[in-house]
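Q: Encoded as structure tokens, here's the structure I'll be asking about.
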Amino acid sequence: MIESVSRRAFSGSSGTYNVRASELARDRRLKTLSCTVVFLDDTQHCFQIEKRAKGHILLELVYQHLELIEKDYFGLQFSDNGMPPTAAINDSMRWLDPSKPVKKQIRGIIQLYNFFRVKFYVSDPSKLQEEYTRYHFYLQIRKDILQGRLHLPASTACLLASYTVQSDLGDYQIEEHGPGYLSNLQLMPGQTEEMEKKIAELHKLHKGQTPADAEFNFLDHAKRLDMYGVDLHRARDTANKEIQLGVTSVGLVVFQNNVRINTFSWSKIVKISFKRKQFFIQLRREPSESYDTLLGFNMVTYRSSKNLWKSCVEHHTFFRLHSPQIRSRRFPLTLGSKFHYSGRTEFQTVEDGRQRARLERHFIRSPSKRLVRQTVPPPVEEKAKYVPPPARPPRPYDNKVTSFGAREPRRAWGEAAHPSDEYDISHLSGLGGQAALGPRSTCERKIFGICPACTGVNAPAGIVDPVEGRPQSVPLP
């Protein structure tokens with residue numbers, strides 16, 4: 001009897017249930033993977049893909065959902081910690097690789113959010129055939145400005161904001177747009193009443209522009225900014241000064257405190273490579289030079305060094321080549337990264353867009369976000385009854401927009417107003433060696449004109465400070 005009582009006491013006084021093991025077993029049985037995508041208008045959609053599906057499967061589902069034709073300018077970005085992109089340079093942000101399985105790329109991430117973004121910023125908005133594509137570029141640049149990633153002068157910010165107001169509200173109407181009519185719209189960071197007055201004055205000058213016209217002029221002015229379309233990466237030069245390396249459609253740009261201090265165009269670069277945390281650029285040799293110029297940068301981590309190298313490979317291939325280069329392997333076992341850009345180039349995208357672009361396209365524009373101002377709310381009993389503003393007569397281009405064939409948007413003003421981890425671009429882009437290069441300026445010759453005897457190495461190449469042009473006695477890797 002004592003034995004039976006003790007057995008009941010021990011068996012009923014404790015219990016264990018392995019929740020994690022049960023969920024893992026459930027996930028193993030599931031054959032699909034859920035991926036949430038956040039779009040440029042802050043809407044979300046969950047896509048179901050097979051567990052072993054590669055990145056291009058998810059990208060195609062996103063493009064089909066948006067009905068994008070000029071799709072190669074865009075991509076999906078995610079972070080290792082699941083956080084959205086911020087104004088600061090975030091080394092944890094990664095682009096979804098179309099050639100690799102999605103599950104392997106997101107390994108270890110508990111809650112994944114893919115952010116649909118512009119990956120390759122077009123140098124001229126007139127290259128975009130569809131108004132719908134320009135609208136997505138417009139949303140991306142507006143988001144870059146509001147989140148502080150795109151730095152610009154206050155005067156330019158007010159001008160771009162005035163085009164946003166024209167796109168959202170239409171022509172300026174005295175009886176409708178009274179004092180303070182912009183106070184509830186989030187148009188630019190650090191928005192003040194003085195800025196809103198300036199924006200309102202500029203808004204009056206855009207009379208007659210449709211939303212498509214206003215967005216085209218918005219892009220036409222944004223493309224002239226130094227920080228437009230720059231993929232920034234944190235680095236240090238040979239003097240251990242903090243700098244930012246930016247990859248663009250024209251080449252590699254060096255920034256310091258958000259000010260551009262140097263530019264290396266693709267036509268002047270022979271090779272780009274990385275080894276551990278170091279990133280290297282080999283420049284073309286001038287006819288009068290008997291040595292090579294090699295620039296070295298110290299990156300934050302090995303991962304950030306490789307991300308910068310991959311970004312250079314992708315941007316050069318997309319903007320400078322007619323078709324992607326197929327990397328040949330002479331030996332089956334080769335050290336170094338196997339990465340190469342396998343998507344379509346801008347040349348192919350433009351040609352395809354001319355053939356497939358829709359002459360008429362209907363879509364709904366997303367209104368601007370409302371600006372939340374911190375005010376002291378009045379007591380409940382003193383609240384006045386809300387009186388809605390007078391309704392304006394409907395306009396034919398409110399929200400729902402119809403493209404007018406191949407009509408060009410109206411401009412605001414005229415033209416006046418590892419060692420093997422390397423990428424050789426010397427034989428690409430149709431450049432005929434030195435004949436494709438223009439003469440260097442006096443400033444450039446001062447920066448790159450170093451003597452082999454000053455480099456401190458026996459090899460005919462030296463590492464130069466990319467900011468101050470001082471030769472460094474650092475042995476080559």
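The values are calculated or read from the model by the stated rules, or taken from the named source; none is laboratory data. What you see is a predicted model; the values in this text were computed from it and never measured. Virtual Cβ from ideal backbone geometry, glycine too; neighbours counted across all protein chains shown. With ligands, DNA and RNA removed, areas are computed over all heavy atoms of the protein, side chains included. Shrake-Rupley method; radii C 1.70, N 1.55, O 1.52, S 1.80 Å.
Q: With the checklist (1) modelled with pLDDT under 90; (2) surrounded by fewer than 17 Cβ atoms within 10 Å (Cβ to Cβ); (3) basic (Lys, Arg) in hand, flag the one item ARG284 doesn't pass.
A: (2)
Q: Further question: Looking only at residues in the range 98-123 that are open to solvent by 20 Å² or more (accessible area, probe 1.4 Å), in a loop (DSSP other than H, G, I, E, B) and modelled with pLDDT of 85 or more, which one is farthest from CYS35 (Cα to Cα)?
A: Among those that are open to solvent by 20 Å² or more (accessible area, probe 1.4 Å), in a loop (DSSP other than H, G, I, E, B) and modelled with pLDDT of 85 or more, it is SER123.
Q: Out of the residues in the range 216-239 that are charged (D, E, K, R) and open to solvent by 30 Å² or more (accessible area, probe 1.4 Å), which is nearest to the chain's Cα centre (by Cα)?
A: Selected residue: ASP231.
Q: Can you tell me how many residues within the range 137-147 are out of contact with any helix residue (DSSP H, G or I) (no Cβ under 8 Å at 6 or more places or on another chain) and in a helix (DSSP H, G or I)? Walk me through how you get there before you give the answer.
A: Going residue by residue through the range 137-147, those that are out of contact with any helix residue (DSSP H, G or I) (no Cβ under 8 Å at 6 or more places or on another chain) are 139-140, 143-144, 146-147.
Restricting the remaining residues to those that are in a helix (DSSP H, G or I) gives 139-140, 143-144, 146.
Of the residues in that region, 5 qualify.
Condition check ((1) part of a strand (DSSP E or B); (2) open to solvent by less than 60 Å² (accessible area, probe 1.4 Å); (3) among the aliphatic types (A, V, I, L, M); (4) touching a Phe, Trp or Tyr at 6+ places or on another chain (Cβ under 6 Å)) across all residues:
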site	(1), (2), (3), (4)
ILE261	yes, no, yes, no
SER267	no, yes, no, no
GLY296	yes, yes, no, yes
TRP309	no, yes, no, yes
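Q: Here's another thing I want to ask about it. Restricted to the range 51-96, and to residues that are modelled with pLDDT under 90 and acidic (Asp, Glu), which residue is surrounded by the fewest Cβ atoms within 10 Å (Cβ to Cβ)?
A: ASP80
Q: Out of GLU242, GLU201, GLU194, I need the residue that is modelled with pLDDT of 90 or more, under 22 Å from TRP309 (Cβ atoms) and surrounded by fewer than 16 Cβ atoms within 10 Å (Cβ to Cβ). Which one? Outline the logic, then answer.
A: Working: GLU201 fails: under 22 Å from TRP309 (Cβ atoms); GLU194 fails: under 22 Å from TRP309 (Cβ atoms).
After ruling out the rest, the residue left standing is GLU242.
Q: Keeping to the range 227-250, report how many residues are over 17 Å from MET93 (Cβ atoms) and among the basic types (Lys, Arg).
A: 2
Q: Please indicate, with yes or no, whether at least one residue in the range 171-178 is of a type in the set (A, V, I, L, M, F, W, C) and either buried (at least 23 other Cβ atoms within 10 Å of the Cβ) or closer than 20 Å to ASP41 by Cα (or both). I'd like the intermediate steps shown before the answer.
A: Filtering the range 171-178 for residues of a type in the set (A, V, I, L, M, F, W, C) gives 174.
Narrowing the set further to residues that are either buried (at least 23 other Cβ atoms within 10 Å of the Cβ) or closer than 20 Å to ASP41 by Cα (or both) leaves none.
Taking every residue of the range 171-178 in turn, none turns out to be of a type in the set (A, V, I, L, M, F, W, C) and either buried (at least 23 other Cβ atoms within 10 Å of the Cβ) or closer than 20 Å to ASP41 by Cα (or both).
Q: Can we say ASP213 is modelled with pLDDT under 90, among the charged types (D, E, K, R) and surrounded by 15 or more Cβ atoms within 10 Å (Cβ to Cβ)?
A: Spelling it out, it is not the case that ASP213 is modelled with pLDDT under 90, among the charged types (D, E, K, R) and surrounded by 15 or more Cβ atoms within 10 Å (Cβ to Cβ).
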